[in-house]
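Let me begin by presenting the structure, written as structure tokens, before commenting on it.
The values are calculated or read from the model by the stated rules, or taken from the named source; none is laboratory data. Since we're looking at a predicted model, the values are computed, not measured. No Cβ is skipped: glycine too gets one built from the backbone with ideal geometry, and neighbour counts run over all protein chains shown. Remember, those area values only see protein heavy atoms, side chains included, never the ligands or the DNA or RNA. Shrake-Rupley method; radii C 1.70, N 1.55, O 1.52, S 1.80 Å.
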Amino acid sequence: LAKGYAQANNIGAILDGAIWLNNHVIGAICHEHVGGARVWTLDEQSFAASVADLTRLTIEMDTRRKAELALLKQNENLEQIVETRTLSLQESEKTFRYVVEHAPISILIINKDARITEFNPEAEIATGYTREQAVGKNFIELLVAKESRKKAFQMSLSTLKGEDFRGIELYLQRADGTKLEFECSASLAGYDANAGARQIVAIGRDIKKQKALEQSL
């Protein structure tokens, strides 16, 4: 891997987050650093582990949903099928809600009009805004600093067209006026029943301390 793939793509360091399921490693999420060698910080290692855990939760939820659908196909009772599907959706919603509320990274869900529909507790801590203050607001106007607004606008337009973004750095503005250096990722997922369109799921983390540490090293 080092002599072939890594050298060919100028990759100097790789950080893998193992995905565990039922006491077995079923895969890994690979984070690659293009350029020279580097030492991954503890914050970066924790972030990789957190993303792997979120992936595991998503796989568990999907596996449970598929098992429930297989049982439904064997059941000829229409009323029972409807009831079971309703319960399955409720369980999926509970799982999704748990992931959003307990994730150690900021998570925002943004509709096609660029308005925030979900704002998790970690995002409240990072930005200084409460969920009530953020939901319904235009995320660029509320959170993005002026020097990063053009980049954030282009990223949101491209995401709505189906493009995924990873590790995009933006300057965000907290409720008290101070600025944050945020590393953001975004993709199109979920569905807004009210607007009849899919939504953007964005995650991010403050990298100001990480950058300061790297500069000091």
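Structure notes:
- Scanning the stretch 125-147 turns up at least one residue that is at pLDDT 90 or above, on the phi > 0 side of the Ramachandran plot and surrounded by fewer than 18 Cβ atoms within 10 Å (Cβ to Cβ).
- In the stretch 15-33, residue nearest to Gln45 (Cα to Cα) [restricted to those that are loosely packed, with under 13 Cβ neighbours inside 10 Å and free of Cβ contacts under 8 Å to residues at least 24 places away in the same chain]: Cys30
- Taking first residues from the stretch 53-68 that are farther than 13 Å from Ile29 by Cβ and among the basic types (Lys, Arg) and partners that are part of a helix (DSSP H, G or I) and open to solvent by less than 70 Å² (accessible area, probe 1.4 Å), the Cβ contacts under 7 Å between residues at least 6 apart in sequence or on separate chains come to Arg65/Ser88; Arg65/Ser92.
- Tally of residues being surrounded by 13 or more Cβ atoms within 10 Å (Cβ to Cβ) and either farther than 19 Å from Asn9 by Cβ or of a type in the set (A, V, I, L, M) (or both) across the stretch 34-45: 4
- Restricting the stretch 161-192 to residues that are open to solvent by 70 Å² or more (accessible area, probe 1.4 Å) and within 19 Å of Glu44 (Cβ to Cβ), the residue that is nearest to the chain's Cα centre (by Cα): Arg166
Yes/no matrix, rows are residues, columns are (1) in contact with a strand residue (DSSP E or B) (Cβ under 6 Å, 6 or more places away or on another chain); (2) over 17 Å from Arg115 (Cα atoms); (3) at pLDDT 90 or above; (4) in a strand (DSSP E or B):
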site	(1), (2), (3), (4)
Lys150	no, no, yes, no
Phe153	no, no, yes, no
Arg166	yes, yes, no, yes
Leu170	yes, yes, yes, yes
Asp176	no, yes, yes, no
Asn194	no, no, no, no
Ile200	yes, no, yes, yes
Ile203	yes, no, no, yes
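- Considering residues of the stretch 205-217 that are out of contact with any Leu (no Cβ under 7 Å at 6 or more places or on another chain), of a type in the set (Lys, Arg) and modelled with pLDDT under 85 only, the residue surrounded by the most Cβ atoms within 10 Å (Cβ to Cβ): Lys211
- Condition check for Val82: open to solvent by 80 Å² or more (accessible area, probe 1.4 Å) and at pLDDT below 85: yes
- Screening Thr130 against (1) free of Cβ contacts under 8 Å to residues at least 12 places away in the same chain; (2) within 30 Å of Val39 (Cα to Cα); (3) of a type outside the set (Lys, Arg) leaves a single unmet condition, (2).
- Some residue of the stretch 48-58 being at pLDDT 80 or above, of a type in the set (Asp, Glu) and open to solvent by less than 70 Å² (accessible area, probe 1.4 Å): no
- Scanning the stretch 114-124 for residues that are part of a helix (DSSP H, G or I) and under 15 Å from the mean Cα position of the chain (by Cα), we see that the one that is surrounded by the most Cβ atoms within 10 Å (Cβ to Cβ) is Ala123.
- Annotation note: Cβ proximity below 8 Å between a residue of the stretch 202-214 that is over 15 Å from Asn120 (Cα atoms) and a residue that is open to solvent by 60 Å² or more (accessible area, probe 1.4 Å) and not small (Gly, Ala, Ser) (sequence gap 6+ or interchain) occurs for Ile207/Glu169; Lys209/Asp43; Gln210/Asp43.
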